[in-house]
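Asks: Dumping the structure here so I can ask a few things about it.
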Amino acid sequence: MTPSNRGDAIRIRLRKELADYLARPHRTKKLHTQTRDLLRTLFRKTRKGLADGWALLDALDPKEDIATASQLKAALRDQLVKLQANRCCYCRRWLVNTAYARPIEHVLPKALYAQFSLHFWNLAVACTDCNAKKSDKIWGTIDPARMTYPLPGSIDDWFHPRFHDYDQHIRYVRLESNETTVIVYQGKTVQGVALCESLLKHIAAKEMLIANNPALSTFAATINECGDRFKSAKAQKLRDFQDELGASVTRMIET
């Protein structure tokens, strides 16, 4: 298959994925049509005014709008998780079944590419480790002022989780015994090597550090089990603590 034909095939797949999502943009069937109209309105606002679509979602008023931000994100997450077979878009670890543990990832960060903040091709689901490590880093050389989303065939120096076939670009091995965990990621292409160097080697080191330290592993598992038990302020405090714990482990790795 030529690069041109391969790009066409990817675009056909992506269009079908978008159609499948728009067929079920809300978990409540009777709200599908109105939710589609709302999403199209929000999408146009991001393109015309370079508005952050996530901020527009969060500004929705449950008393006036057909859906809330959490409802729209939940339906979007459902579709993306299904496409990814419930695995992180970057490290391929299983995703924990809580919203906090499955953040929606903006491949081109919304802080710099607000015009793509609601673009379906730009959204995936990552684990908290990958999402936090990548943060607002820009991969590649895409102009932040660009108004049209890059086409699949135009990205050849970094890994795009919605465009690229993971198995063609990255090989990984996970070995676990009663006492030891070993994780290795290896790039098979330029894009795969870029992902390993920028993200996956750190994720593997962090997971092995925690998994191979019984006290730290047990503590982290206990914290993660709390999941969505707490609401509002308590939930945010727990998440802040988890973020700080992750940052502490990162500092241990990098020193």
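Asks: Just to check your reading of the model, which residue among K206, K201 is in contact (Cβ under 8 Å) with a residue 40 or more places away in the chain and either in a helix (DSSP H, G or I) or under 24 Å from L83 (Cβ atoms) (or both)? Give the derivation first.
Replies: Details: K201 fails: in contact (Cβ under 8 Å) with a residue 40 or more places away in the chain.
From the options K206, K201, the qualifying one is K206.
Asks: Same structure again: Which of (1) surrounded by fewer than 16 Cβ atoms within 10 Å (Cβ to Cβ); (2) on the phi < 0 side of the Ramachandran plot; (3) within 13 Å of the chain's Cα centre (by Cα) is the odd one out, the single condition K63 does not satisfy?
Replies: Condition (3) is where K63 drops out.
Asks: Just the residues that are over 20 Å from A9 (Cβ atoms) and either within 20 Å of the chain's Cα centre (by Cα) or surrounded by 20 or more Cβ atoms within 10 Å (Cβ to Cβ) (or both), please, taken from region 142-169.
Replies: I142, P144, D157, W158
Asks: Going through region 45-97 one residue at a time, which ones are within 20 Å of T33 (Cα to Cα), touching a residue at least 24 places away in the same chain (Cβ under 8 Å), part of a loop (DSSP other than H, G, I, E, B) and not hydrophobic (A, V, I, L, M, F, W, C)?
Replies: Matches in region 45-97: D65 only.
Quick grid of which residues meet (1) over 25 Å from W121 (Cα atoms); (2) modelled with pLDDT of 95 or more:
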| residue | (1), (2) |
| --- | --- |
| G153 | no, no |
| S177 | yes, no |
| V182 | yes, no |
| V193 | no, yes |
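Asks: I've got another one for you. Out of the residues in region 182-199 meeting the condition of being out of contact with any strand residue (DSSP E or B) (no Cβ under 7 Å at 6 or more places or on another chain) and among the hydroxyl-bearing types (S, T, Y), tell me which one is surrounded by the most Cβ atoms within 10 Å (Cβ to Cβ).
Replies: In this case the residue turns out to be S198.
Asks: Does A194 satisfy the condition of being in contact (Cβ under 8 Å) with a residue 12 or more places away in the chain and over 25 Å from Q242 (Cβ atoms)?
Replies: Numbers: in contact (Cβ under 8 Å) with a residue 12 or more places away in the chain: yes; over 25 Å from Q242 (Cβ atoms): yes.
So A194 passes the test.
Asks: Run down A75, A69, A101, A55 and say which single residue is surrounded by 13 or more Cβ atoms within 10 Å (Cβ to Cβ) and touching a Lys or Arg at 6+ places or on another chain (Cβ under 6 Å). Before you say what the answer is, go through the steps one by one.
Replies: Details: A69 fails: touching a Lys or Arg at 6+ places or on another chain (Cβ under 6 Å); A101 fails: touching a Lys or Arg at 6+ places or on another chain (Cβ under 6 Å); A55 fails: touching a Lys or Arg at 6+ places or on another chain (Cβ under 6 Å).
Answer to the selection: A75.
The values are calculated or read from the model by the stated rules, or taken from the named source; none is laboratory data. Keep in mind that what you see is a predicted model, and the values were worked out from it rather than measured. For neighbour counting, all protein chains shown are included, and Cβ atoms are generated from backbone atoms with ideal geometry for every residue, glycine included.
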